[in-house]
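The values are calculated or read from the model by the stated rules, or taken from the named source; none is laboratory data. Treat the numbers as computed from the prediction; the structure is a model and nothing was measured. In this analysis, Cβ positions are derived from the backbone assuming ideal geometry, glycine residues included, and neighbour counts consider all displayed protein chains. Heads up: the accessible areas ignore ligands, DNA and RNA and are worked out on the full protein's heavy atoms, side chains in. Shrake-Rupley method; radii C 1.70, N 1.55, O 1.52, S 1.80 Å.
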Amino acid sequence: KNEVEQSPQNLTAQEGEFITINCSYSVGISALHWLQQHPGGGIVSLFMLSSGKKKHGRLIATINIQEKHSSLHITASHPRDSAVYICAVRSPGSEKLVFGKGTKLTVNP
Amino acid sequence: DAGVIQSPRHEVTEMGQEVTLRCKPISGHNSLFWYRQTMMRGLELLIYFNNNVPIDDSGMPEDRFSAKMPNASFSTLKIQPSEPRDSAVYFCASSWPYSGHNEQFFGPGTRLTVL
């Protein structure tokens, strides 16, 4: 079993829909990261969370440490949000990241 | 700043050849990471350095892989001899761990194809 599990693996939505991507992990962590990988391959860090909730524009990330679960929400989705979203966890006392397999999001106009 | 710089962007080589991938981290960042991404396994950490010192190399697949960071502005990942199963995209990332955010900034990647 992978340490970091994401669901769904693939997600197709219509423009304007509310999107939720889930991440569950099985190990103790010091932080959880959400990354976005564009169709061209570039990787961008979206959020780093250790508790609670963060918001940036139309993106919202939440984490529940007790349940070892995080969600990434996209409000009013747009075709330019089409990308692979990757969850990664950082071990306490380390900078090492362990990654989920990613969720491929396609937003159709 | 130009961001993390990797070279080459694409490399095609034949099995058995030596391959060297290069990375220049963002100036001032003192942690550097090498990752490999494949369809089957996703993103995996190979090795990371802090202040030019290797801290965790547990992800390095085998002795054919080696990484160096001779100074704060340059790192190499070498594969010798290369094998077809090494075909992947190799990313370098850097971070400044004392900001409280530990955000990692990724380079554009090197797509390696071993024939």
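Tally Lys and Arg at +1 and Asp and Glu at -1 over the other residues with C-beta under 14 Å from the C-beta of B:Asp56: what net charge comes out?
Details: positive: A:Arg90, A:Lys96; negative: A:Glu95, B:Glu44, B:Asp57.
Here the count lands on -1.
So which residue, out of B:Ser94, B:Ser58, B:Ser82, gets the largest mean-square fluctuation from a GNM of chain B using Cα contacts under 10 Å as springs?
Per the Cα network of chain B with a 10 Å cutoff, B:Ser58 tops the list.
Using the Cα atoms of region A:1-43 to build a convex hull, what is its mean projected area in square nanometres? Don't skip to the end; give the middle numbers.
Values: hull surface 17.6 nm².
Computed as one quarter of the Cα hull surface, the answer is 4.4 nm².
Checking an interface number: how much accessible area is buried between B and A, summed over both chains, with a 1.4 Å probe, in Å² rounded to 100?
Values: alone 6440 and 5970 Å², together 10890 Å².
Approximately 1500 Å² gets buried when B meets A.
Around B:Gln37, with a cut-off of 13 angstrom between Cβ atoms, what is the net charge of the other residues, counting Lys and Arg +1 and Asp and Glu -1?
On the way: positive: A:Lys101, B:Arg36, B:Arg41, B:Arg111; negative: B:Glu44, B:Asp86.
Residues close to B:Gln37 contribute a combined charge of +2.
Could you work out the mean count of beta carbons from other protein chains within 10 Å of each residue's beta carbon in B:88-96? Before the final figure, lay out each step's value.
On the way: counts 0, 2, 0, 4, 0, 3, 0, 2, 0.
Shielding by partners across B:88-96 averages 1.
Compute the signed sum of charges (Lys and Arg +1, Asp and Glu -1) over the other residues within less than 13 Å, Cβ to Cβ, of A:Val107.
Working: positive: A:Arg58, A:Arg80, A:Lys104; negative: A:Glu15, A:Glu17, A:Asp81.
Residues close to A:Val107 contribute a combined charge of 0.
When the dipole is taken about the Cα centre of the protein assembly as shown, and only Lys, Arg (+1) and Asp, Glu (-1) are charged at their Cβ, what size is it in debye, to the nearest 20?
On the way: 21 positive and 19 negative charges, 75 e Å.
Charge dipole, the protein assembly as shown, about its Cα centre: 360 debye, nearest 20.
Could you calculate, for the protein assembly as shown, the ratio of the Cα radius of gyration to the Kirkwood radius, expressed as Rg to Rh?
Details: Rg = 17.5 Å, Rh = 18.1 Å.
When Rh is taken as the Kirkwood radius, the ratio is 0.97.
With only alpha-carbon atoms counted, please give the Rg and Dmax of chain A, in Å.
According to the Cα coordinates of chain A, Rg and Dmax are 13.3, 44 Å.
Over the protein assembly as shown, average the accessible area per residue using a 1.4 Å probe and give it in Å², no decimals. List each step's numbers first, then the result.
Numbers: 10890 Å² over 224 residues.
On a per-residue basis, 49 Å².
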